[in-house]
Structure formats: C-alpha cells, structure tokens
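Got a structure here, written out as structure tokens. Questions coming.
The values are calculated or read from the model by the stated rules, or taken from the named source; none is laboratory data. Note that the structure is predicted; figures quoted are calculated from it, not measured. Cβ: placed from backbone, ideal geometry, glycine included. Neighbour counts: every protein chain shown.
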Amino acid sequence: MDQNGDVVAKPGGRTVEAFEAADRQARRYIDLKKKADAGDEAARKELTILSAELGQFTAQEGRARLQELTDLSPAQQKTVDALLTGYEVRAILSTVTEEKSTQLEAGGKFLEMKKAGRIPGGEEELQGFWILILDYAESEKDATSFEEALDALKAKFGRHPAAKKFLEEKTKVLERLKAEGKEK
C-alpha cells in the first residue's frame, strides 16, 4: 500500500519470485503516479488501467474511468475490455439470489456474453460465470453449451480437490444431456 492506503501491488503467491514481481509492480505504480500527476497522458492511461486491475475502484467508478480512455494500444484495449467484462459479470452476479430464476437469468446473460467472446479473467468471476452457464444450459437441455462450460471449469479448477466431486456430478449431467439429445 502507499501512504494513502491505496493498494499498489498484489503478490501472486508466497514465493520469492511473487514478492519480487509485486515489488516491481509497486515501483511501476509509484512511477506512473508521479508521471501522471505531472501531466503525462500516457502514464495517466496506464495508471488508470493498473488501478482498475488492483481493484482500487468500485465497479461503477471503474467502468466510468475505463470507458473514458481513448487511443489505447491493442494490448491496453484488450486489458480494458477484460476489466469491463469483469465489472459486468460482477454486476450480474450481484443480482443472483437463492431463487433459481435469478440464477437462470444470469446464466442466460453469461451464455450470451460467452457467445460474443466476452469471458471474464478474474477467478471469482470466472467460477460464477461458468457455473451459472452450466445451470442455464442444463435447464435448456443445451449439451453443447453445458460441455463448453464444464470443460472451462475443468481446465481452471480441475486440480482443486474441492472441485472433484462437483465436476464428477456435472460430468454425469452432461452424459444424461447427450443421451437425451440422441433420443429426440
């Protein structure tokens, strides 16, 4: 954190390499902030993107700040698009309750986002995104979308021991959906 309490870096693990990377990120943040405060427009853009990546903004503030950015490099645009997708996914997730209809509605929205190539990058968003697509695809008897979501979950979380039972159960659901599709 800096002297204002803003997060300026997040270690990606508990290794020496992860802490060294966090140190480089913190130094980059501080350097960008100095340059942006001095009027450097390129540094301001980079600082806004980095601040969003570090979670310094609320979803509403982050969307507004990122949408203001213009003339971005392709790499910057890709990062901004991923961040905006993450904000959108979190907003949709905030509408989900215990009520099945809210889960299915969110899953339908996520499936449309997926079809448009808009997939979140954050682990929390990714998990909810794919699980709700599974629920929606199952309700629609859409074996293809169900399988794509299940494959994505297996790729991301398949090594987690806690996910094993869930993924096994969903694999059985996929087999049932495929069998029902062949019966039609």
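Considering each residue of region 89-106, count those that are more than 16 Å from Glu124 (Cα to Cα) and either of a type in the set (Val, Ile, Thr) or loosely packed, with under 14 Cβ neighbours inside 10 Å (or both), and give that number.
Qualifying residue count for the region: 6.
So is Lys154 within 26 Å of Lys182 (Cβ to Cβ), within 17 Å of the chain's Cα centre (by Cα) and surrounded by fewer than 14 Cβ atoms within 10 Å (Cβ to Cβ) or not?
When the stated conditions are applied, Lys154 does not pass them.
Can you pull out every residue in region 1-47 that is modelled with pLDDT of 75 or more, surrounded by 15 or more Cβ atoms within 10 Å (Cβ to Cβ) and small (Gly, Ala, Ser)? So that I can check it myself, show each step before the final result.
Step one: of region 1-47, the residues modelled with pLDDT of 75 or more are 14-47.
Filter once more, so that each one left must be surrounded by 15 or more Cβ atoms within 10 Å (Cβ to Cβ): 21-22, 25-26, 28-29, 32-33, 35-36, 43-47.
Residues satisfying the conditions are Ala21, Ala22, Ala26, Ala36, Ala43.
Filter region 33-63 for residues that are assigned to a helix (DSSP H, G or I) and under 19 Å from Glu125 (Cβ atoms) and give the result.
Ile49, Leu50, Ser51, Ala52, Glu53, Ala59, Gln60, Glu61, Gly62, Arg63
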